[in-house]
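The values are calculated or read from the model by the stated rules, or taken from the named source; none is laboratory data. Keep in mind the model is a prediction, meaning the values are calculated, not measured. In this analysis, Cβ positions are derived from the backbone assuming ideal geometry, glycine residues included, and neighbour counts consider all displayed protein chains.
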Amino acid sequence: MVVRNLIFWLSTKRSVTNSIARRGMKLGFARRFVAGETLAEALAASRELCQQGRNVSLNHLGENVSTEAAAREVCASYIEMIEEMHAKNLAGNISIKLTQLGLDLSKDLCTSLADSIARRARNLGRTIEMDMEGSAYTDATLDIFEAVQRESGNTGLAIQAYLHRTEKDLQRLAPLKPKIRLVKGAYREPKKIALQGKAAVDANYKRLTTLLLEGAAQGIFLPAIASHDPFMVAHAQLEVARLKLPKDRYEFQMIYGIRRDLQQEVHAAGHTLQVYVPFGTDWCPYFMRRLSERPANCWFVLRSLLAESNQQAPRQRIA
């Protein structure tokens, strides 16, 4: 836990992330979890996944733009992502972050930009998904999601299992019959807002998984079970079997480069698997958060750095 908290804290320090960013792509260790810095690299990685029978969800890394011009630029890049996926016939969608679309500046601006992305996707027969960010943005995200979903009908939303409010939020969203990506939650939230401790979060994740899958059986939700925890995945598989859900009424989601063994197992079992494919120049904070999630990830990077040091160390001359 100490190591996880340290890495998570370091991920917020720009001097640290800049230092890692200068070497991560060059050495290759960042590519385990990040598809690249450009859209072209992300599309190439996505093509490989699609050829293996997976779907993809492209995610352009970054948060919290500070100007309207930057928000509109991000909006244009999201639309380009959709159009490129469509042109290359890649199965899947894109995932958008509302703070990249000016949520800190204007809720109306953000809603307008998100709606324009959803409309363009709908015109191409595509869907989009909205990421959920920290608790300060939850209410606004729900409001914007509802507005966009009512208008375009092709938008999914990430919901965090560790928040106390989540079941009520699902009840609120049920009339829209939405796609819901159920995640545990990755932000540091106080106990008055969020469950604390793995056991409590796991128990609520299982309970909400059952709620969503039972809702799927009634045509209310399209659940996306987004977890790399084999116990959460196993629980979802048992519930899918119990409810005899058809494969087009649910899916599993996992992140590029994480638990590739479990991804293969889920896919081999015949379930729809969508892989979240992150890319962009602002990849380092995201990359470090992935490191904090599993000690094995840290050792993977340390081995890469040690290998680089050994290659660069001057050889001693033999007399």
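Some points to look at:
- Tally, over the stretch 53-80, of residues that are at pLDDT 95 or above and under 16 Å from Tyr256 (Cβ atoms): 6
- Selection of the stretch 127-146 for residues being in contact with a strand residue (DSSP E or B) (Cβ under 6 Å, 6 or more places away or on another chain) and charged (D, E, K, R) yields Glu129, Asp131.
- The criterion of being modelled with pLDDT under 95, touching a strand residue (DSSP E or B) at 6+ places or on another chain (Cβ under 8 Å) and among the small types (Gly, Ala, Ser) does not hold for Gly92.
- Test: Lys191 is out of contact with any helix residue (DSSP H, G or I) (no Cβ under 8 Å at 6 or more places or on another chain), modelled with pLDDT of 95 or more, surrounded by fewer than 20 Cβ atoms within 10 Å (Cβ to Cβ) and charged (D, E, K, R): no
- Some residue of the stretch 51-64 being under 23 Å from Gln274 (Cα atoms), part of a loop (DSSP other than H, G, I, E, B) and of a type in the set (A, V, I, L, M, F, W, C): yes
- Residue in the stretch 112-119 that is more than 19 Å from Val275 (Cα to Cα), among the hydroxyl-bearing types (Ser, Thr, Tyr) and surrounded by 16 or more Cβ atoms within 10 Å (Cβ to Cβ) present: yes
- Residue match in the stretch 199-209 (condition: in contact (Cβ under 8 Å) with a residue 40 or more places away in the chain, closer than 30 Å to Ser77 by Cα and of a type in the set (Val, Ile, Thr)): no
- Criterion (within 26 Å of Val275 (Cβ to Cβ), surrounded by fewer than 18 Cβ atoms within 10 Å (Cβ to Cβ) and either at pLDDT 95 or above or basic (Lys, Arg) (or both)) met by exactly one of Gly153, Gly215: Gly153
- Residue that is within 16 Å of Tyr78 (Cα to Cα), in contact with a Phe, Trp or Tyr (Cβ under 6 Å, 6 or more places away or on another chain) and without any contact (Cβ under 8 Å) to a residue 60 or more places away in the chain, where the choices are Ile117, Ile128: Ile117
- Within the set Arg31, Arg72, the sole residue that is more than 21 Å from Leu273 (Cβ to Cβ), of a type outside the set (Phe, Trp, Tyr) and out of contact with any Pro (no Cβ under 6 Å at 6 or more places or on another chain) turns out to be Arg72.
- Of residues in the stretch 265-286 being of a type in the set (S, T, N, Q) and either surrounded by 22 or more Cβ atoms within 10 Å (Cβ to Cβ) or modelled with pLDDT under 95 (or both), the one farthest from Asp131 (Cα to Cα): Thr281
- Residue within the stretch 53-60 that is closer than 20 Å to Leu222 by Cβ, among the basic types (Lys, Arg), out of contact with any Pro (no Cβ under 7 Å at 6 or more places or on another chain) and buried (at least 19 other Cβ atoms within 10 Å of the Cβ) present: yes
- Of residues in the stretch 78-111 being closer than 17 Å to Val148 by Cβ, under 21 Å from the mean Cα position of the chain (by Cα) and of a type in the set (Gly, Ala, Ser), the one surrounded by the fewest Cβ atoms within 10 Å (Cβ to Cβ): Ser95
- Selection of first residues in the stretch 161-176 that are touching a residue at least 40 places away in the same chain (Cβ under 8 Å) and more than 13 Å from Ala216 (Cα to Cα) and of second residues that are surrounded by 14 or more Cβ atoms within 10 Å (Cβ to Cβ) and β-branched (Val, Ile, Thr), restricted to Cβ pairs under 7 Å at least 6 apart or on distinct chains, gives the following pairs, ordered by first then second residue: Ala161/Val183; Ala161/Val201; Tyr162/Val201; Thr166/Ile159.
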